[in-house]
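Reading through the structure tokens given below for one structure.
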Amino acid sequence: TPVSRSAIILSKVFAASVRAIFQAAIVTAIAFALGLQIGSNFSVFSLLGVFAMVFLISVGLASFFTALTLRSTRMEMPQAIFQLITLPLMFASSAYFPIAQMPSWLQAIANVNPISYTIDAVRRLMVFSDGFGQLPLDFAYVGIFTVVVTAICIVLSWRYLNK
């Protein structure tokens, strides 16, 4: 095609990210309808921050999974790999259990897991009332993760889609 390979990859990644934002909007609307107790820091800008964080993590994860898919020869393989990676990432994050209460070996994993930073940012923006704390660190960490993984995905697309 006359379109560059990186444009094809990025459009796939951004399409997945737009779907994730719509899904987050639906979940947020349902949470409000069911009586979500928002924190005193909450504002319209907090909601925009939540969607910005969802966009960042979805671009990063979509790029990561697209990079893995580039070498796949069977249709079923990417789904199996995604589940093999996604579920441990969720369980090794602060989604279900506080990091401070985890065993030390799991704390080490949770402290480098971008999902932990995403969850912390969303909680700080929506639920917590103790200020924004490490919100800049959360955005920086997930942003750097996204840029690095997306760059790797694009480089791999140049290499493997030329054949």
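The values are calculated or read from the model by the stated rules, or taken from the named source; none is laboratory data. Quick caveat: nothing in here was measured; it's all calculated off a predicted structure. As a convention, Cβ positions derive from the backbone with ideal geometry for all residues, glycine included, and neighbour counts pool all protein chains shown. Heavy atoms of the whole protein, side chains included, go into the accessibility calculation; ligands, DNA and RNA do not. Shrake-Rupley method; radii C 1.70, N 1.55, O 1.52, S 1.80 Å.
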Checklist entry - When the Cα atoms of the stretch 35-91 are enclosed in a convex hull and the volume is divided per residue, what value in Å³ results? => result 119 Å³
Checklist outcome for this item: So the FRET efficiency between LEU84 and VAL127, C-beta based with R0 = 35 Å and rounded to 0.05, is 0.70
Next on the checklist: Can you tell me what percent of all Cα-Cα pairs in the chain are more than 29 Å apart?
Outcome noted: 25 percent
Checklist outcome for this item: Taking protein heavy atoms only, a 1.4 Å probe, and rounding to whole percent, the accessible area of the stretch 3-162 owed to carbon and sulfur comes out at 73 percent
Checklist entry - If you put +1 on each Lys and Arg Cβ and -1 on each Asp and Glu Cβ, how big is the dipole of the chain around its Cα centre, in Debye rounded to 20? => result 640 debye
Next on the checklist: For the pair PHE91/ALA15, report the inter-label distance in nm, with labels modelled 7 Å from Cα in the Cβ direction.
Outcome noted: 3.2 nm
Checklist entry - So what J values fall out for the stretch 90-100 if you push phi through Karplus, 6.51 cos²θ - 1.76 cosθ + 1.60 with θ = phi - 60°, rounded to Hz, Gly and Pro as x? => result 5, 6, 9, 10, 8, 5, 10, 8, x, 4, 4
Checklist entry - Using Cα atoms only, what is the angle between the long axis of helix 5-33 and the major principal axis of the chain, expressed in degrees (0 to 90) to the nearest 10? => result 20 degrees
Checklist entry - Along its principal axes, what span do the Cα atoms of the stretch 1-61 show, with the longest given first and each in whole Å? => result 50, 20, 17
Next on the checklist: Per residue, how large is the accessible surface of the stretch 1-102? Use a 1.4 angstrom probe and give square angstrom.
Outcome noted: 63 Å²
Checklist entry - So how tilted is helix 44-69 from the main axis of the chain? Cα-based, degrees 0 to 90, rounded to 10. => result 30 degrees
Item to check | Separation in nanometres of the label points that stand 7 Å from Cα toward Cβ, at ARG5 and VAL155 | outcome: 1.4 nm
Next on the checklist: Using the basic label-point model (7 angstrom from Cα toward the beta carbon), what is the ARG71 to ALA31 distance in nanometres?
Outcome noted: 3.6 nm
Checklist entry - In what order, largest first, do SER43, SER157 sit by accessible area if the probe radius is 1.4 Å? => result SER43, SER157
Next on the checklist: Using amide H atoms built in the peptide plane, which far-off residues or other-chain residues are under 5 Å from ALA92 H to H?
Outcome noted: none
